[in-house]
There are 2 protein chains.
Amino acid sequence: MSSKEKILSAAIVLFAQKGYSGLSMRQLALAVDLSVAAIYHHFPDKNTLYLEAVRFAFSDKEQVFDQVWGSDCSAEEKLSRFIRSFIDVMLEDHDFHRLMQREILEADPERMQLLAQGVFTSQFCLLMQLATELAPEQDAHLLATSVIGLAKYYIEYQPLLKYFPGWKPEHEMPEVIAAHITTLLLNSFKATTA
Amino acid sequence: MSSKEKILSAAIVLFAQKGYSGLSMRQLALAVDLSVAAIYHHFPDKNTLYLEAVRFAFSDKEQVFDQVWGSDCSAEEKLSRFIRSFIDVMLEDHDFHRLMQREILEADPERMQLLAQGVFTSQFCLLMQLATELAPEQDAHLLATSVIGLAKYYIEYQPLLKYFPGWKPEHEMPEVIAAHITTLLLNSFKATTA
DNA sequence: ATGACCTTACTGAACGTTTGTTAGGTATCT
DNA sequence: AGATACCTAACAAACGTTCAGTAAGGTCAT
């Protein structure tokens, strides 16, 4: 792995942990065992380093779900598998998830557009297509958003949810969350088509 | 309004915008038209100022939904009203919402516990109770989470969602979002009890 | 009523540290 | 010789924090 890549992947982790202004160039330099000036040899300034780190983190997240869409099973089964894969990815790659949360918080319009069109569009379209298949007379965009929203919320708010009454350890298990969301959605679709 | 309150309410807005390390004491002092030392007269240091600001922001959010729970209508209608109120509050008090997002990102266990038990527990319990009423054989905690998760996601991810294909301006209207979520959930409940 | 005294709310200036960034120099490899 | 990858050392600016001082307001004995 080249120094530049080492810097980028360390930056992803640290920016995700501490945020843009929370991470100093010296801390990053220390983490990759280089001098500060060495970082400035590879990147013109902190801001473009951050942008490149974000782009780097998002670069290989596109084709994770190919096995889901490729499999030839029922639409219901596809939804179930997508939800499960989505939760797994988000739980696995925690840094990616937190970096994304920070980007959403920042909500810079230009970067939002880049993120949407450059990274997630194809997945979102496939999900909308699946939604249309399952509930033809409903708004596909709203439905696709609901699917992702349900899954994302369970993961993002885990640290808070565990302090609410009625919480059980199983509420943090991917298969339990996935099963709950899937049945919730499929039940809803069943009612609308009936 | 006292100087202390003026500092706190300005801090809420600015911490929500820039994050903890993104806001300097000098910037805050400038915003409230006081000297930096004046702030230190009211608060021992930046960290406790932040904590007090968070507590201040969350302090009067408890009894917003009293009219929802107080009204004597069907459980379905109550769910519909709660979702609508929840979305309205989150859209209205944007600073509160962003500050909460930042707190979740930080995910400090002690503060999560404080937030959960001190601020949101009663609302969450009422929502769980409603969920049990609507779908007795399902996990109330998971259901309550789903309700909030659906609503929150639509608001948090608005800046991103608008760049996906199939987006329409109406997807940002509170009544449209609320209606979609409500029917989605009620349909699901209908299927499970049938 | 007045001067002494304490508290409260603030100010300007400074403390030492950390920040992003750069200049100049040194190896290593083509 | 020139490009590449790195270093140490320094820069000004901004950072959180503190200190000494001041002006205003209330309290209280005289």
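Tabulated results
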read-out: Compactness of the range A:60-193 as Cα Rg over 2.2 N^0.38 Å, two decimals; value: 1.08
read-out: Accessible carbon and sulfur surface of the range A:60-193 relative to its total accessible area, %, 1.4 Å; value: 51 percent
read-out: Semi-axes of the equivalent ellipsoid for the range B:3-57, Cα gyration tensor, largest first, Å; value: 14, 12, 10
read-out: Efficiency of FRET from Cβ geometry, residue B:106 and residue B:9, R₀ 25 Å, rounded to 0.05; value: 0.75
read-out: Relative contact order, percent, the range A:3-57 [alpha-carbon distance under 8 Å, six or more residues apart]; value: 48 percent
read-out: Accessible area (Å², 1.4 Å probe, nearest 10) - residue A:69; value: 40 Å²
read-out: Label spacing, shortest first and in nm, from residue B:6 to its equivalents in the remaining copies (7 angstrom along Cα→Cβ); value: 5.3
read-out: Cα-based Rg / Dmax (Å) for the protein assembly as shown; value: 22.0, 67
read-out: For residue B:179, label point 7 Å along C-beta direction: distances to other copies, nm; value: 3.6
read-out: Residues in the range B:113-137 occluded by at least 40 Å² - accessible area, probe radius 1.4 Å, against chain by itself; value: B:116, B:124
read-out: Anchor residue A:61: lysines whose Cα lies under 23 Å away (excluding residues fewer than 8 positions away in-chain); value: A:4, A:6, A:18, A:78, A:152, B:162
read-out: In range of the label at residue B:77: residues from the range B:122-153 whose backbone nitrogen is under 18 Å from the point 7 Å along Cα→Cβ; value: B:130-131, B:133-134
read-out: Dipole magnitude (debye, nearest 20) for chain A, charges at Cβ of Lys, Arg, Asp, Glu; value: 560 debye
read-out: Zero-based 5 Å bins, Cα pair distances in the range A:29-116, whole percents; value: 3, 11, 16, 18, 15, 15, 10, 5, 4, 3, 1, 0
read-out: Residues of the range A:3-57: accessible area per residue with a 1.4 Å probe, Å²; value: 51 Å²
read-out: For the range A:32-40, Karplus couplings with θ = phi - 60° (6.51, -1.76, 1.60), whole Hz, Gly/Pro x; value: 9, 6, 9, 7, 4, 5, 5, 5, 5
read-out: Estimated buried accessible area (total), pair A and B, 1.4 Å, Å² to nearest 100; value: 5100 Å²
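The values are calculated or read from the model by the stated rules, or taken from the named source; none is laboratory data. Worth saying up front: this structure is predicted, and the values here are computed from it rather than measured. So basically every Cβ, Gly included, is an ideal-geometry build from the backbone, and we count neighbours across all protein chains shown. For accessibility, only protein heavy atoms count, side chains too; no ligands or nucleic acids. Shrake-Rupley method; radii C 1.70, N 1.55, O 1.52, S 1.80 Å.
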